[in-house]
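Read through the structure below, which is laid out as structure tokens, and then see the notes.
What follows draws every value from the coordinates through simple rules; no lab data is involved. Computed from a predicted structure; not experimentally measured. Counting neighbours? That spans all protein chains shown, and the Cβs are built from the backbone with ideal geometry, glycine included.
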Amino acid sequence: MQSLSDALGAGKLNAVTVDQLKQIKVCCFYDGAADPELKWRAYDCIEVDLVDGGKQFVFAGGRWSLIAADFLQTVNNYINGLKQQAPALPPATLNDDGNADGSHVEEGNYIERLTDSNLNTMAKVHQCGRQVRVDGNEVELCDIYDVSKDFIHLKIWRGVARV
């Protein structure tokens, strides 16, 4: 695996082009893994938030966006109105939710166990065979939808045996 400076050539970081950033891959390796688990284009990892001429702009996902002046207050109001109670979920365990070789907890196994044991209150959305797209990009809506009309999104990080 090359570093960004190795991929571009020594001393060339200040002359990087958009085309180069679209060709360079950023990889995520899990502890002890020989191959990367996840890969992205370096270009897709760039996020910029700046103010120019009194206006706030954001660059993410390859697009510049102008942020409305009252957007922060709108977001804060929305967050303050969210439910403060998280659902009581059992811990994910290697014994119950582990992969075939027992090396790590699998998110899909945990979601399946959780929804199978709560058939009257939870529906599995994770990998249900339906794609949700926003601006042409596939997005994951959530993992579970519950009877309280809550969308629940779970993340299990390797090396941690709990959600």
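At-a-glance table
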| item | result |
| --- | --- |
| Hz values of 3J(HN,Hα) by residue in region 53-59 - Karplus curve (6.51, -1.76, 1.60), Gly and Pro given as x | x, x, 10, 9, 10, 10, 10 |
| Region 94-152, dipole about Cα centre (Lys/Arg Cβ +1, Asp/Glu Cβ -1), debye to the nearest 20 | 300 debye |
| Spherically averaged projected area in nm², based on the convex hull that wraps the Cα atoms of region 70-129 | 6.7 nm² |
| Prolate/oblate/rounded call for region 18-93, Cα gyration tensor, a/c under 1.5 rounded | oblate |
| Sorted largest first, extent of region 94-152 alpha carbons per principal axis (Å) | 38, 28, 15 |
| Gly98 long-range amide H proximity, modeled H, under 5 Å | Glu106 |
| Positive-end extreme of charge dipole, region 94-152 - chosen from Ile144, Gly98, Gly108 (charges on Cβ) | Ile144 |
| Over 21 Å (Cα to Cα) - which of Lys39/Lys155; Lys25/Lys124; Lys124/Lys155 fall in this group | Lys25/Lys124 |
| Long-range amide H partners of Gln56 with built H, under 5 Å | Ile67 |
| Inter-label distance, nm, simple model (7 Å from Cα along the C-beta direction), Ser117/His153 | 2.5 nm |
| Net length gained if the chain between Leu89 and Arg133 were fully extended (0.36 nm per residue, minus Cα distance) | 13.0 nm |
| Length gained when the stretch Trp64-Cys142 is fully extended (0.36 nm per residue, less Cα-Cα span) | 25.5 nm |
| In Hz, Karplus ³J(HN,Hα) per residue of region 73-78 (6.51, -1.76, 1.60; θ = phi - 60°; x = Gly, Pro) | 5, 4, 5, 4, 4, 5 |
| Full-extension gain in nm, Asp35 to Leu50, via 0.36 nm per residue minus C-alpha separation | 1.8 nm |
| For Arg41, residues with placed amide H under 5 Å, excluding near neighbours | Val26 |
